[in-house]
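What follows draws every value from the coordinates through simple rules; no lab data is involved. For clarity, every value in this text was computed on a predicted model and none was experimentally measured. So basically every Cβ, Gly included, is an ideal-geometry build from the backbone, and we count neighbours across all protein chains shown.
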Amino acid sequence: MKKKLRSITSTINALSAIVLVLIIWQAICMSGLVPGYMLPSPFQVMQAFLSEFPLLMENAKVTLAEAFIGLLCGVTIGFLMAVLMDRFEKLYKAFYPLIVLTQTIPTVAIAPLLVLWFGYEMLPKVILIVIATFFPITVGVLEGFRSADEDAVNLLRAMGASRMQIFRYIKFPGAMGSFFASLRISASYSVVGAVISEWLGGFSGLGVYMTRVKKAFSFDKMFAVIFLISFLSLVLMKLVDLAQRKCMPWENQKDI
Amino acid sequence: MSELQVIGVSKSYAGRKIIDNVSLTLHEGELICLLGVSGSGKTTLFNVISGLVAPDNGEVLLDGEVITSRPGHISYMLQKDLLLPYRTIEDNVALPLLIRGMPKADARRQVSPYFQEFGLDGTQKKYPRQLSGGMRQRAALMRTYMFSGNVALLDEPFSALDTITKSEIHTWYLNIMERIHLSTLFITHDIDEAILLSDRICLLTGKPGRITEEICITEPKPRRKDFNLSDEFLKYKRKILAIIEADRCT
C-alpha cells in the first residue's frame, strides 16, 4: 500500500517536471526570443503531430517492424552466444574480446556500408539493430550465468544432476534478472538503431520521414517525430517490464 | 535399514594432506557429530561422502554398496539453506525427485504428505524469501530427506540461526529424526550443540585431520530439558574442551 503511494507521488513529481519544462518552452516561444521557424512551440508541435498522424503511423509501423525483427534476432543471437561462452571456456576467451571490439565501432559509421552491401530494403536495418542489441544481452546473460552460486551448483551435483539439469534449474532462472535488465537496454537501442539506419537510405520509416521534414525545414514535424520515437521507446521498455513481472513472479511476492 | 560406512578415507589437496585415514560407521537412527576446529577437514570429508570429491584412499559404503565418488546417493545440507529463490517451497523440496527424472506432477504429489511432518504446512506455494530462517532450514532438511531418504549429512546447518530458534529447531530435529527413522552425520563447531544432539561425538583433530577420540553421550533420548545445565553435560564439555585445547597446543 505504502509502496503504491510512493510510486504515485514519484510519478506526480516526474510529470510536474515535464509539464514545467513544456510551460517554459511555450513561454520562450511566445515571448519571441527565438524565431518561430527555428523553435516551434509545444502547441505547434502538437498540431503538427495531429495533422501528420496518419503518415506518422504508417512510417512508425515500418520502423517498429524493423526494430522488432532486429531485436528478436539480436536477443536470440546474444542469448545463444552467452550459453555457448558459458559452456565452453575457450570460446569465451577467444570471442569475448572480439565482441567487445564490435561495440567500439560507431553504428553511424557502418550503417552506410551496410546500405551499400545489402541495399535499401529491410535487411541492412535489421543487421544494424542486431549488432546494436545482441551485445547487452550477451554480456548480461553471461554475467548472470557466471554468478550462479557455487554451493548451489555443488548441491545439485551431489543430487546427481547432469550439466543440462544444472543449467535448467540454476543457471537459466538465475540469469533471468540480468537478462531483463539487458533487454530493457536493447529494446531502446532497437528503436534508435532502426531510425539511424533509415536516415542513411530507405523508402519508408520514421528515419526517412525525419530526413524528409528536415530538408523541408518543418521543425514542428521534426519535433513531432522525435517525441513519437521517444514515446515508442518508452512503450517498448514498459512492455519489457510487464514481461519481466510475468516471467519472474517470485520478485513480486511480498517479503515476510 | 540404512547404514553409512566410511573406511580409511584420506584426501590431499595440492600436496597437503587434509584428512588422514578417517573411518566411521553411522548406524540406523543414530546421530553422530563431527566436532573439530576449523581447518580440520570436516567439510572435505563431507564432500567425499557425498561423492563430489574422490578420495585418494578409502571407500564410502551405503548399505554395503560402494558409493565412493558417485554423487547422487547422499545429499547434504549447509548453513546456507540454498533454496532456489525462484521456485516455490513445494518445487524446491521436489527438486531432487525432478533431477531423478520424475514428472513434476508426480514429484509434487510425493512430497505433499511430508509438509505436515516437517511443520511446513501452508508454505507449499510460497517462495523461500517469504519464510523465516528456521522454516527455510526445515525446508532445506526436507529437500535433503526427499533426496537421500534415511541418511542426512548436515554441515553446520543451524549455525546461522539465533539462539532461541536454534534450541527450538534442536528439539524439533531430534523429534523428527525419531519419527522418520533418520540417521544423521552432523558437522558443527558448537560443543553444546554436539553434546545436546549426539549419540556419539567424533573429534576430528590435528593436521591432517584424524578421528582421534570418540565420545558416547549416554544420556537417554529424548533428553531432559535441563540436560545442558547438568553436571554430566559439563563433564562432557570439559573433556571435549581439554582434547581440543591439547590439539591446539601440538
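Under a crude label model (7 Å from the Cα following the beta-carbon direction), how far is A:Glu143 from A:Met38 in nanometres?
4.2 nm
What angle, in degrees between 0 and 90 and rounded to the nearest 10, separates the Cα long axis of helix B:163-179 from the longest principal axis of the Cα atoms of chain B?
It works out to around 80 degrees.
If the reach is capped at under 17 angstrom between alpha carbons, list the aspartates and glutamates near B:Lys207, excluding any in the same chain fewer than eight residues apart.
Reachable aspartates and glutamates: B:Asp20, B:Asp56, B:Glu245, B:Asp247.
With springs connecting C-alpha atoms under 10 Å apart, model chain A as a Gaussian network and identify which of A:Pro42, A:Pro136, A:Pro124 has the largest mean-square fluctuation.
With Cα springs under 10 Å in chain A, the top fluctuation among A:Pro42, A:Pro136, A:Pro124 is at A:Pro42.
Please go through the residue pairs B:Lys80/B:Lys104; A:Lys61/A:Lys246; A:Lys246/B:Lys126; B:Lys17/B:Lys42 and name each one whose alpha carbons sit more than 20 Å apart in this structure. Show your work: numbers first, answer last.
Values: B:Lys80/B:Lys104 25 Å; A:Lys61/A:Lys246 26 Å; A:Lys246/B:Lys126 17 Å; B:Lys17/B:Lys42 13 Å.
From the list (B:Lys80/B:Lys104; A:Lys61/A:Lys246; A:Lys246/B:Lys126; B:Lys17/B:Lys42), the Cα-Cα distance tops 20 Å for B:Lys80/B:Lys104; A:Lys61/A:Lys246.
Could you compute Rg(Cα) / (2.2 N^0.38 Å) for the protein assembly as shown, with N its residue count? Before the final figure, lay out the partial values.
Details: Rg = 32.0 Å, N = 506, 2.2 N^0.38 = 23.4 Å.
So the Cα radius of gyration is 1.36 times the expected 2.2 N^0.38 Å.
In region B:74-190, what is the volume of the convex hull around the alpha carbon atoms, normalised per residue and reported in Å³?
On the way: hull volume 11.1 nm³, N = 117.
In region B:74-190, the Cα hull volume divided by residue count equals 95 Å³.
Rounded to a whole number, what is D in µm²/s for region A:41-251 from Stokes-Einstein with the Kirkwood radius over alpha-carbon pairs (25 °C, 0.890 mPa s)?
Numbers: Rh = 18.9 Å.
Here the translational diffusion coefficient equals 130 µm²/s.
Assuming R0 = 25 Å, can you tell me the calculated FRET efficiency for the pair B:Ser159 and B:Lys235, based on Cβ-Cβ distance, to the nearest 0.05?
Numbers: r = 24 Å, r/R0 = 0.98.
My answer for the efficiency is 0.55.
Per residue and in Å³, how big is the convex hull formed by the alpha-carbon atoms of region B:1-141? Each step should come with its number before you reach the end.
Values: hull volume 20.1 nm³, N = 141.
Dividing the Cα hull volume of region B:1-141 by its residue count gives 143 Å³.
Specify whether the C-alpha gyration tensor of region B:1-65 places it in the rounded, prolate or oblate class, a ≥ b ≥ c being the square roots of the eigenvalues: rounded for a/c under 1.5, otherwise prolate if a/b is larger than b/c and oblate if not.
Taking the square roots of the gyration eigenvalues as a ≥ b ≥ c, region B:1-65 is oblate.
Treating each Cα of region B:142-202 as an identical point scatterer and ignoring solvent, apply the Debye formula and state log10 I(q)/I(0) at q = 0.11 Å⁻¹.
At q = 0.11 Å⁻¹ the computed log10 ratios are -0.23.
Determine the distance separating the Cα centre of region B:181-238 from the Cα centre of region A:11-70; give it in Å without decimals.
About 76 Å separates the Cα centre of region B:181-238 from the one of region A:11-70.
Short version: ³J(HN,Hα) in whole Hz for each residue of region A:228-242, in order, from phi by Karplus 6.51 cos²θ - 1.76 cosθ + 1.60 (θ = phi - 60°), x for Gly and Pro, what are they?
Here the 3J(HN,Hα) series is 4, 5, 5, 4, 4, 4, 4, 4, 4, 5, 5, 4, 4, 4, 4 Hz.
Where does helix A:89-102 land angle-wise versus the long Cα axis of chain A, in degrees 0 to 90, nearest 10?
Once rounded, one gets 10 degrees.
Given q = 0.11, 0.22, 0.23 Å⁻¹, what are the Debye log10 I(q)/I(0) values for region A:1-86, with equal point scatterers placed on the Cα positions and solvent ignored?
Values returned for q = 0.11, 0.22, 0.23 Å⁻¹ are -0.69, -0.97, -1.00.
Report the antiparallel proportion of the DSSP beta bridges in region B:107-250 as a percent, rounded to a multiple of 5.
Among the beta bridges of region B:107-250, antiparallel pairing accounts for roughly 55 percent.
Hey, what did chain B get for relative contact order, percent, Cα under 8 Å, at least 6 apart?
Working: 453 pairs, mean separation 64.4, N = 250.
Computed over chain B, the figure is 26 percent.
Under a cut-off of 17 Å between alpha-carbon atoms, report the aspartates and glutamates in cross-link reach of A:Lys215, not counting same-chain residues fewer than 8 places apart.
List returned: A:Glu52, A:Glu198.
Tell me the angle of helix A:206-215 to the major Cα principal axis of chain A, expressed in degrees between 0 and 90 and rounded to the nearest ten.
It works out to around 30 degrees.
Would you work out the relative contact order for region A:169-251, in percent, from Cα pairs under 8 angstrom that are 6 or more residues apart? Mind dumping the intermediate values first?
Working: 47 pairs, mean separation 27.7, N = 83.
Value for region A:169-251: 33 percent.
Based on the Cα coordinates of region B:4-249, what is the per residue volume of their convex hull in Å³? Walk me through the intermediate numbers first.
Details: hull volume 31.5 nm³, N = 246.
Convex hull volume per residue, Cα atoms: 128 Å³.
Arrange the following residues from fewest to most other Cβ atoms within 10 Å of their Cβ: B:Lys235, B:Lys126.
Working: B:Lys235 11, B:Lys126 18.
Taking fewest neighbouring Cβ atoms as first place, the list is B:Lys235, B:Lys126.
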